[in-house]
Structures are given as C-alpha cells and as structure tokens.
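The values are calculated or read from the model by the stated rules, or taken from the named source; none is laboratory data. Keep in mind the model is a prediction, meaning the values are calculated, not measured. No Cβ is skipped: glycine too gets one built from the backbone with ideal geometry, and neighbour counts run over all protein chains shown.
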Amino acid sequence: MAGHGVDPAALAHGLDAPGNKPPSADRIARLLCELEGHFALVVSAPGWTLIAADRVRSVPVAYGRMDEGWRIDARPERLRRAIGLGREALNLDAALALAMAGYTVDDATLYHGIDVVGPGEFVLLRGSEAYRHRYYTYRPWRADKPAYNPDRAHKALAETVLSVVDAMMAGVGDRELVVPLSAGRDSRLIVSAAHHLGYRNVRCFAYGRRGNHEIAASQAIATRLGYPWTVVPMDVPFMRRFYASPTYRSYLSDADTLQACPFVQDMPQIMALKDAGFIPSDAAIANGNTGDFLSGGHVVPAIREPASSLDAEERLARILETFIGKHFALWEALLTKDRRGRVAELLGASLQRADAVPDAPEDDYGLFEYAEFQDRQCKYVINGQRVYDQLGHDWRLPLWDKSLLDFFETVPLAGKAGQKLYADMLAAEDWGGVWSRLPVNSKSIRPHWLRPLRFAAKALHAPLGAAAWHRFERRYFQYWMELGGHSSIVSYRRATADRRGARHGIAWLTQSYLERHGIAWDGRPSGE
C-alpha cells in the first residue's frame, strides 16, 4: 500500500538489504521520516516483513498471528474474524476506555491478539516476533523551540499553508476537489487558499437544517470565491434512513479498527450528492480536519496557566484529570472515581511510552495535546477518511501535512491559546476576501420551533445554575440541534428517557458499536 507522494521504487531501493537480514531500525526510521504525503505500507522480503504508518496513521494496518504465520490486513475487524478471536480475547481496559471516550488508549485494541500500527510507527515481523518502533512522535513540548516572534511565525505559517495547498491541488490535477465547507476556519482555509493560488476546480457543499449558521456561512464563502456550492438538507428522518441502510452496515464493518467507534460524519451527505451528480466519480475530497486541534483550539482554559507551584507528579495528575473530564465523558454515569483512576493509569503509561515529560511547567499543555493527538485525532477523527474510501473517492488531508505538524510543534502557548496565531494570520491574510467580511462560527438555533421552548426552559433554569441548564439542554434539546444528527440512531423517546447522561450523539453511536462486539455500554462483556 502506498499513499500520496510515496515513490514505491525509491522506497524499495532504500530498504534493500543483503541476505535475509532487514535494514536497521535507524535506517528504516530515517527513510520513513523523509516520506511525504499520507500512506500505509507493507514491504515483504525473505526473512522479514515491514509494516509502517504515516505520522497520523491515516490508513490503519493490523497484524496478528495465525497457525500458518503472520497475517496483515488493512481492515482490522476482518482480521479478527479470520483469526477467530471472540469474547475470550476481549481487552477490558480497551473496552472501558472506548465506552468512556469512543476510542482506546495508546496501542490497545479491543482484542488481545490483534495489533494496529500506530501513528509514526513501524513494525518488523521476523519469525514469530514483532518488533514495534516509533520513528515520529508529535512533541508540542519540544525543548528546542526557537524564540517566538509573532510576526515571523505569522509569515512562516502563511507560507507553509499556501505551499501545502498548492502541492495538494497540483496532485489533484484536473479533477475536482470537493470540500465539506462549514462556518469555521479550517475548511474555509482550504478553499480560500486554493482561490488565492488561482485554482478553479473546487466545489463545496454544506449540510444541516435549512437556515442554520453553517449553511448560510458556507454559501456566502463559496459565492464570494466563485466556487460551485450546494446543500444537503438534513433532519431526523434523513439520518434514520441512513442508519438503516445496507451501506451504513457495511461501512461499520469495513471501517472498524477495533480502536474507535467508526466516524460517520459526511457519509450520508456525500452519498446524496453522488446520487444527485454534484460530486464527480473521480473527485478528490478534502475536509478541514484538523486545523483547530493543531493550532491550539483544544487546549482548554484550565490547562493554560502553568502550575509552577506543583511538583512533576502533581502536574501530571492535574493534566490527566482535566483531560479525562474533557474527553472521557461520553456518559456522565461512567465518570466514577475508580474508572477515572483506571483511565488515568492507562494515559500515564501512554505518556511514559512516548517519553512525554516537559521540563518546564509552561509546556505542560503539550502533554494534553499529545494525548489527544495519539488517540482521539489519529484513531477517531482521521479514520473518517474511511468514509471516502467506502464511497470510492480519493482524499487529501492538507491540514495534517508533516510541514504543519513540524510548524505547530514549535509554537508556544502564547501563539496557541485561543488559536491566536492561526486566527490572526487568517484574518490578516484574508485570502479571497472571506475572512474580514464573513464571521467565523456565528451560531444560530435551529429548528425555528425550538427557539421559544429553549428560551423559556433556560429562563426557568436560571435559579438552578448553568450546570443544571446544560444538563437539561443536552437531554431534551440537543437531539434536534445536533449538526451531524448522530443521536438519530435512537428515538427521541429513548434519548430523553435515559438517565445515564449522554454527552451527545457519539455516546449512542459508541454504545451501538460496542454492542456489535458483545460489549455493554459500560465496557463490560454483555450479560455480566
């Protein structure tokens, strides 16, 4: 398997080694570090086999032992079935993490006996042994960060982004690039940079309830840039039909990495647009994943202030507690002391394996970012590319280009807090004139009929405090307001009758995913 920018002939030459002895791990690491683009690869030679993933694990590759030797598969769930692993092989720590967050921690899969190559990793298979190595680790806590100069950083970021988009468009060639265009920064960056560079073969779409802020902003951006645009109207019946479709059921198996609930965003919308003829069969698709993460948008305020008065152990405990509260809260009922403690142990071990120990308290936020990068981003969000694979389309991930990874590793908290550097650069450059004149993420409440009910309920909850109001809103209103409509996998009656405290629709999707593996919503084997 090769990916964008990978030259198989050059790669084979670089890995050439005499006899049955594989190249050294250092040599393999140097070669992989030089590769451009997104890829997964398998190289087999007498006596050894190499499996590798790119820096963000954009394509999963699993491996496991069978009686006749190693078996490798780009579809981990298919490999599980081939090996014959079942309930007896369940990894209960992985199941707990997945129940709480929607994904596992570090290299764990749902089944002992199957491994998946991680981001920036390669595996050498020799005889009955598997040797796992890391050639890249995302390190936003880097000790060798250059002195931060906002003006120089602004210029460097703008140049890097334009270079990445230019290379992407050159690779797409004469085909159409299709972009799911929202009201935020990331997808807007892709289309505005492409316009600034003079590319015309771009078309955009939005989806959701008519009149919502995402649709209005998306249409305004596309119109300003002169790109073809359309909308996919969505409501609860639309999503229910999708969840009942054979395509969705097939996707659940094909996209199952055994490490995360499959990502389904964009899938029903692209299916509808293909049927309507808006998306050509040879089009490439590029979404905005995940500029908001790289640029610092996921560093929560609670972790921005350096904890200089705490020792290293206390600093780590503070980071993990904050991280668990943000990312392991799909169900409020699962946030018990013992479960939080077990997840903290798993996360701590993951950080230790990555040697993630910043010297200075002001770099602690980097551990927070690394933990999300390693698991949520690379296992769940980026695995959304399987949607495009399933529907027969080439894809690009421009905002996960290695040059942007390298750049944002060097940006300190001063440039990341509130996405300051990223937001300031985009507003100042104003490519295509879609930044200074059109607001970013201006919210509106849809459907219209919900607005007076929500206003009245919020007023009634005012004496009870913000926490009580948000809990009520999630339970009774979020079902209708969700942009992706994920909660539609269950009925409104079921959602509102539930007392476990679902955070959003991903909780229900994750529960459904676990049930397919004979696991209950809380991570225990069904029936226990």
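Restricting to the stretch 1-29, and then to whatever is within 26 Å of the chain's Cα centre (by Cα) and closer than 15 Å to Y135 by Cβ, can you tell me which residue is modelled with the lowest pLDDT? First the steps, then the outcome.
Here is the first cut: in the stretch 1-29, the ones within 26 Å of the chain's Cα centre (by Cα) are 1-6, 29.
Filter once more, keeping what is closer than 15 Å to Y135 by Cβ: 6, 29.
Details: V6: 60, A29: 96.
Among them, the one singled out is V6.
Mind telling me which of the residues L258, L181, L252 ends up being out of contact with any Pro (no Cβ under 9 Å at 6 or more places or on another chain) and either closer than 20 Å to S436 by Cβ or touching a residue at least 60 places away in the same chain (Cβ under 8 Å) (or both)?
Working: L258 fails: out of contact with any Pro (no Cβ under 9 Å at 6 or more places or on another chain); L252 fails: out of contact with any Pro (no Cβ under 9 Å at 6 or more places or on another chain).
None of the others qualify; the one that does is L181.
Kindly evaluate A502 against the criterion of being small (G, A, S), within 26 Å of the chain's Cα centre (by Cα) and not assigned by TED's automatic domain parsing to the domain that holds A183. Write out each step before concluding.
Working: small (G, A, S): yes; within 26 Å of the chain's Cα centre (by Cα): yes; not assigned by TED's automatic domain parsing to the domain that holds A183: yes.
Yes; evaluated as a whole, the condition is true for this residue.
Exactly one condition in (1) without any contact (Cβ under 8 Å) to a residue 24 or more places away in the chain; (2) at negative phi is false for G465; which is it?
Only one criterion in (1) without any contact (Cβ under 8 Å) to a residue 24 or more places away in the chain; (2) at negative phi is unmet by G465, namely (2).
Restricting to the stretch 396-412, give me the number of residues that are buried (at least 21 other Cβ atoms within 10 Å of the Cβ) and closer than 24 Å to V179 by Cα.
Residues meeting the conditions: 7.
If you check G465 against the conditions, is it buried (at least 18 other Cβ atoms within 10 Å of the Cβ), modelled with pLDDT of 85 or more, closer than 19 Å to E332 by Cα and not acidic (D, E)? Before the answer, list the steps.
Working: buried (at least 18 other Cβ atoms within 10 Å of the Cβ): no; modelled with pLDDT of 85 or more: yes; closer than 19 Å to E332 by Cα: yes; not acidic (D, E): yes.
No: the conditions fail for G465.
Give the stretch 473-497 a look and list any residue that's without any contact (Cβ under 8 Å) to a residue 24 or more places away in the chain, surrounded by 17 or more Cβ atoms within 10 Å (Cβ to Cβ) and in contact with a Lys or Arg (Cβ under 9 Å, 6 or more places away or on another chain), or say none.
A495
Just give me the residues in the stretch 340-365 being over 24 Å from the mean Cα position of the chain (by Cα) and under 28 Å from G505 (Cα atoms), in sequence order.
G341
Residues are listed down the side, and each one gets a yes or a no for (1) over 29 Å from L32 (Cβ atoms); (2) in contact with a helix residue (DSSP H, G or I) (Cβ under 9 Å, 6 or more places away or on another chain):
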| position | (1), (2) |
| --- | --- |
| V56 | no, yes |
| Y63 | no, yes |
| E68 | no, no |
| R71 | no, yes |
| A74 | no, no |
| A82 | no, no |
| G86 | yes, yes |
| A89 | yes, yes |
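Looking at D406 and the list (1) under 15 Å from V56 (Cβ atoms); (2) in contact (Cβ under 8 Å) with a residue 24 or more places away in the chain, which single condition is not satisfied?
Just one mismatch for D406, condition (2).
Exactly one condition in (1) touching a helix residue (DSSP H, G or I) at 6+ places or on another chain (Cβ under 9 Å); (2) buried (at least 18 other Cβ atoms within 10 Å of the Cβ); (3) in contact (Cβ under 8 Å) with a residue 40 or more places away in the chain is false for Y227; which is it?
That leaves (3) as the condition not met.
Which residue is farthest from the chain's Cα centre (by Cα), if the candidates are limited to the stretch 161-191 and must be among the small types (G, A, S) and within 18 Å of H213 (Cβ to Cβ)? Talk me through it step by step, then tell me what you get.
As a first pass, look at the stretch 161-191 and keep what is among the small types (G, A, S): 163, 167, 170-171, 173, 182-184, 187.
Right, trim to within 18 Å of H213 (Cβ to Cβ) and you get 182-184, 187.
Values: S182: 17, A183: 19, G184: 16, S187: 15 Å.
Across the stretch 161-191, the extreme among qualifying residues is A183.
Just to be sure I understand, how many residues within the stretch 395-433 are over 21 Å from the mean Cα position of the chain (by Cα) and part of a helix (DSSP H, G or I)?
14
Could you check, for the stretch 361-384, whether at least one of its residues is outside any helix (DSSP H, G or I), in the same structural domain as I324 (by TED's automatic domain parsing) and crowded, with 17+ Cβ neighbours inside 10 Å?
Yes, because at least one residue in the stretch 361-384 is outside any helix (DSSP H, G or I), in the same structural domain as I324 (by TED's automatic domain parsing) and crowded, with 17+ Cβ neighbours inside 10 Å.
Looking at the stretch 88-201, what strands (runs of 3 or more DSSP E) fall wholly within it and have at least 3 residues that are buried (at least 17 other Cβ atoms within 10 Å of the Cβ)? I'd like the intermediate steps shown before the answer.
Working: elements: 114-116, 121-126, 129-134, 177-180.
Answer list for the stretch 88-201: 114-116, 121-126, 177-180.
V343 - would you say it is out of contact with any His (no Cβ under 7 Å at 6 or more places or on another chain), within 28 Å of R471 (Cα to Cα), of a type in the set (A, V, I, L, M) and surrounded by fewer than 17 Cβ atoms within 10 Å (Cβ to Cβ)? Full working, then the answer.
On the way: out of contact with any His (no Cβ under 7 Å at 6 or more places or on another chain): yes; within 28 Å of R471 (Cα to Cα): yes; of a type in the set (A, V, I, L, M): yes; surrounded by fewer than 17 Cβ atoms within 10 Å (Cβ to Cβ): no.
Spelling it out, it is not the case that V343 is out of contact with any His (no Cβ under 7 Å at 6 or more places or on another chain), within 28 Å of R471 (Cα to Cα), of a type in the set (A, V, I, L, M) and surrounded by fewer than 17 Cβ atoms within 10 Å (Cβ to Cβ).
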